[in-house]
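Take a look at the structure below.
The values are calculated or read from the model by the stated rules, or taken from the named source; none is laboratory data. Being a predicted model, the structure only gives us computed values, none of them experimental. Because the Cβ atoms are built from the backbone with ideal geometry, glycine has one as well, and the counts that use them run over all protein chains shown.
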Amino acid sequence: MGPWERLDRIIDRSEETLLIVLLGLMILIAFSQIVLRNLFATGLTWGDALVRDLVLWVGFIGAAMAAREGKHINIDLLSRWIPSAGKPVIEGVIHLFSFFICGLLTLAALKFLENERQLGNVTFLETPSWIPGIILPISFGLMALGFGFKSLRNFFVFIQTSLHDRGEKA
């Protein structure tokens, strides 16, 4: 197993573990809020804001996992009409486009966090609002990294296939 595969596996396991922990914490806090409100007419003052931020984290970590596993939303109309020899090229172009879009979204998320930091907004337990928002550039960055790796892999498969086809024709 190469270093890229090891890094991918580490990222994969980290995302899965973090997703499980955050989802469990989100369910625990939401359940606690329900019990406290209905049985004791009280609640955690910071609970709703934390659950809202946890939903954001779970959603974006899930999106990064779906993109890495190829289970994200995509439009593959063109690939149905392209011969199988051209599919790696089309997939490479799609992954390259996705890489650039996710890279741009990473930069936009960083700019958004900088604005949040400058505004000084706070969320649960007086936490600066940019801290929970850090998931935005992280997840878009992970998606960009994944699409970049897929684009390179498609490029190398295309080159290898082209060289192999030339060797058979000679």
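Here are some notes:
- When TRP130, TRP57 are checked against the criterion of being assigned to a loop (DSSP other than H, G, I, E, B) and either touching a residue at least 12 places away in the same chain (Cβ under 8 Å) or surrounded by 15 or more Cβ atoms within 10 Å (Cβ to Cβ) (or both), a single residue qualifies: TRP130.
- Extreme residue, nearest to the chain's Cα centre (by Cα), among residues of the stretch 31-52 that are farther than 20 Å from SER129 by Cα, assigned to a helix (DSSP H, G or I) and aliphatic (A, V, I, L, M): ILE34
Yes/no matrix, rows are residues, columns are (1) modelled with pLDDT of 90 or more; (2) over 17 Å from the mean Cα position of the chain (by Cα); (3) farther than 17 Å from PHE60 by Cβ:
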residue	(1), (2), (3)
LYS87	no, yes, yes
GLU91	no, yes, yes
LEU96	yes, no, yes
PHE100	yes, no, yes
LEU107	yes, no, no
LEU110	yes, no, no
GLY120	yes, yes, yes
LEU125	no, yes, yes
PRO128	yes, yes, yes
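- Evaluation of ILE73 against the conditions (1) in a helix (DSSP H, G or I); (2) exposed (fewer than 14 other Cβ atoms within 10 Å of the Cβ) shows that the sole unmet condition is (1).
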